[in-house]
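Trainee: Below you'll find the structure I mean.
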Amino acid sequence: MPVTIIIGAQWGDEGKGRAVDWLAAQADVVARFSGGDNAGHTVYVGDEVFKMHLIPSGILHPQALCVLGNGMVINPVNLLKEIDMLREMGVDISPSRLKISSKAHLITPAHIALDAANEKARGKDAIGTTLRGIGPAYLDKTGRKGIRAGEMRDLEAFGELIRQAIQSANQTLAQYDADLLDAQSVAEAYVQAAHQLRPYLADTTYLLNQKLKAGANVLCEGAQGTLLDVDHGSYPFVTSSNPTIGGALAGLGIGARYVQQVIGVAKCFSTRVGSGPMPTELDGDIANRLRGTGENFWDEYGTTTGRPRRCGWLDAVMLRYSCDVNGYTSLAVTKMDILSGFDELKIAVAYEVDGVQVDYPPDTVAALERAKPIYETFPGWEQDITNARSFSDLPLAAQNYLKRIGELCDVPIAMISVGPEREQFIVMEQVLAT
Ligand code: GDP
Ligand code: IMO
Ligand code: MG
């Protein structure tokens, strides 16, 4: 460390939570910097499956202080539910272990109602959001009328702020013909939540910088993925924040001088949930095999929404772009075990767009929709690889597949996961350089 930043290299759900879980064993602080409970991070420890939406995955490591950074949008009621859920599973959560940035913005039921109304109004062009109110909350933030977590310190004033925000949102909801909210009861529920969450509030910018000056290791846990970034993703089929490297620094208030590693977590095939272009998307048998039936928790069904994820071959054009946007120092490649048993595997190495071959994603959604992947084909492998713990334990075909990813991206692969369990990880001693 001192600062290691974990970023989703594709469309989210790459396995960031489990990569963070692995690295968090060495971390003093684990901090989320963007998004809200649109995220769903799964960590499997022993026989238990933990699903985190707002709380950093580092909470499962007792020594780690966990931070919800200023770049996040937080639904206080859902945060309390998550705290309760984790406590019931035996996780120690107290204000000494969990800090909420006073500058983070709050999600209200009005944001959630507006998210649904916006999606309905978009009709067939709906983004396929998680309906957690994320877009409307960031809109209020940048429109300079959001409510920040720090407001929860003064319960009376906070209640009034919430009441006014709901009343004002009701005017917009009325225009959409959507159901109106009861401002008074929302305010009461939010004051209740504020009362419980107040002890967790902190100036986390100050806290993190104090820790860094004292030599702490800080692990930054990205949410979503680079291709969902509001600037760098396939706009408008994106989330409303910057889940990329810039968002990590801005979303925590830390400087670049401390950053030692930026690790892009990439699934060894592609998945996307929600609408928008996905050049390597498949349907039929291969997609179904990649997705799984839904019987296993790691199958490709949304952690937050339960929606089946769209699946396809690995897209190295997108991955290279993701490497450019974030400047990864290394990649963590996940779910390699899922590729066992395929006769052959494919990686998109370029696109054909309107008869022209390109090796970079076109910068408009319309052109990206027309992009036809140009594939390289690789022999598959039969063996179960879930017990592999070193690179040399992998079949040659799997080694070659991984080496080619490193080459195509010109970024070394530092970690490889071969199953959802904590130990099902290969950490490259000699990083797989290109
Ligand atoms: P995140 O949002 O990036 O944290 O990813 P999710 O938790 O939404 O989705 C990744 C899913 O894949 C989770 O259920 C993980 O437990 C699972 N997973 C991660 N790495 C591996 C792996 O190497 N093999 C298998 N089979 N599952 C994995
Ligand atoms: P993690 O952290 C996958 C997608 C939604 C939708 C778009 C906008 O688990 O990787 P939003 O609710 O953010 O306005 O939705 O972004 N999306 C995710 N997809 N993983 C996520 O998080 C996502 N968070 C948002 O499906 O397409
Ligand atoms: Mg997820």
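Trainee: Can you tell me how many residues in the range 292-314 are closer than 24 Å to F378 by Cα and not in a loop (DSSP other than H, G, I, E, B)?
Mentor: Selection size over the range 292-314: 4.
Trainee: Right, another one. Which of the residues that make up the range 259-285 are touching a residue at least 24 places away in the same chain (Cβ under 8 Å) and surrounded by fewer than 19 Cβ atoms within 10 Å (Cβ to Cβ)?
Mentor: Q260, Q261, S275, E281
Trainee: So, one more: Please specify each residue of the range 160-183 satisfying the condition of being closer than 13 Å to T108 by Cα and assigned to a helix (DSSP H, G or I).
Mentor: Once the filter is applied, which keeps residues that are closer than 13 Å to T108 by Cα and assigned to a helix (DSSP H, G or I), the range 160-183 yields L161, I162, R163, Q164, A165, I166, Q167, S168, A169, N170, A183.
Trainee: Okay, moving on. Collect the residues in the range 28-43 that are more than 15 Å from ligand 2 (Cβ to nearest atom) and surrounded by fewer than 24 Cβ atoms within 10 Å (Cβ to Cβ), keeping them in residue-number order.
Mentor: D28
Trainee: Scan the range 292-315 for residues that are open to solvent by 40 Å² or more (accessible area, probe 1.4 Å) and either within 14 Å of ligand 2 (Cβ to nearest atom) or acidic (D, E) (or both) and report the count.
Mentor: Counting residues in the range 292-315 that are open to solvent by 40 Å² or more (accessible area, probe 1.4 Å) and either within 14 Å of ligand 2 (Cβ to nearest atom) or acidic (D, E) (or both) gives 9.
Here is a yes/no grid of residues against (1) under 22 Å from P243 (Cα atoms); (2) over 19 Å from the mean Cα position of the chain (by Cα); (3) assigned to a helix (DSSP H, G or I); (4) within 16 Å of ligand 1 (Cβ to nearest atom):
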{"site": "A113", "(1), (2), (3), (4)": "no, yes, yes, no"}
{"site": "A116", "(1), (2), (3), (4)": "no, yes, yes, no"}
{"site": "R122", "(1), (2), (3), (4)": "no, yes, yes, no"}
{"site": "T130", "(1), (2), (3), (4)": "yes, no, no, yes"}
{"site": "A137", "(1), (2), (3), (4)": "yes, no, yes, no"}
{"site": "R144", "(1), (2), (3), (4)": "yes, yes, no, no"}
{"site": "G150", "(1), (2), (3), (4)": "no, yes, yes, no"}
{"site": "F158", "(1), (2), (3), (4)": "no, yes, yes, no"}
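Trainee: Got at least one residue in the range 345-361 being buried (at least 18 other Cβ atoms within 10 Å of the Cβ), away from ligand 1 (no atom under 16 Å from the Cβ) and in a loop (DSSP other than H, G, I, E, B)?
Mentor: yes
Trainee: I've got another one for you. On the basis of being among the acidic types (D, E) and outside any loop (DSSP other than H, G, I, E, B), does E382 make the cut?
Mentor: no
Trainee: If only one of R257, R310, R320 is basic (K, R) and within 16 Å of ligand 1 (Cβ to nearest atom), which one is it?
Mentor: Sole residue among the options that is basic (K, R) and within 16 Å of ligand 1 (Cβ to nearest atom): R310.
Trainee: Going through K51, K120 one at a time, which residue ends up being farther than 23 Å from A250 by Cβ, of a type in the set (K, R) and assigned by TED's automatic domain parsing to the domain that holds G222?
Mentor: So the residue among K51, K120 that is farther than 23 Å from A250 by Cβ, of a type in the set (K, R) and assigned by TED's automatic domain parsing to the domain that holds G222 is K51.
Trainee: Pairs under 6 Å by beta carbon, first residue of a type in the set (V, I, T) in the range 151-168, partner at pLDDT 95 or above, six or more apart or different chains?
Mentor: I162/A187; I162/Y190; I166/A110; I166/L181; I166/A183; I166/V186
The values are calculated or read from the model by the stated rules, or taken from the named source; none is laboratory data. Just so it is clear, the structure is predicted and the values come from calculations on it, not from any experiment. For neighbour counting, all protein chains shown are included, and Cβ atoms are generated from backbone atoms with ideal geometry for every residue, glycine included. Only protein heavy atoms, including side chains, enter the accessible area calculation; ligands, DNA and RNA are left aside. Shrake-Rupley method; radii C 1.70, N 1.55, O 1.52, S 1.80 Å.
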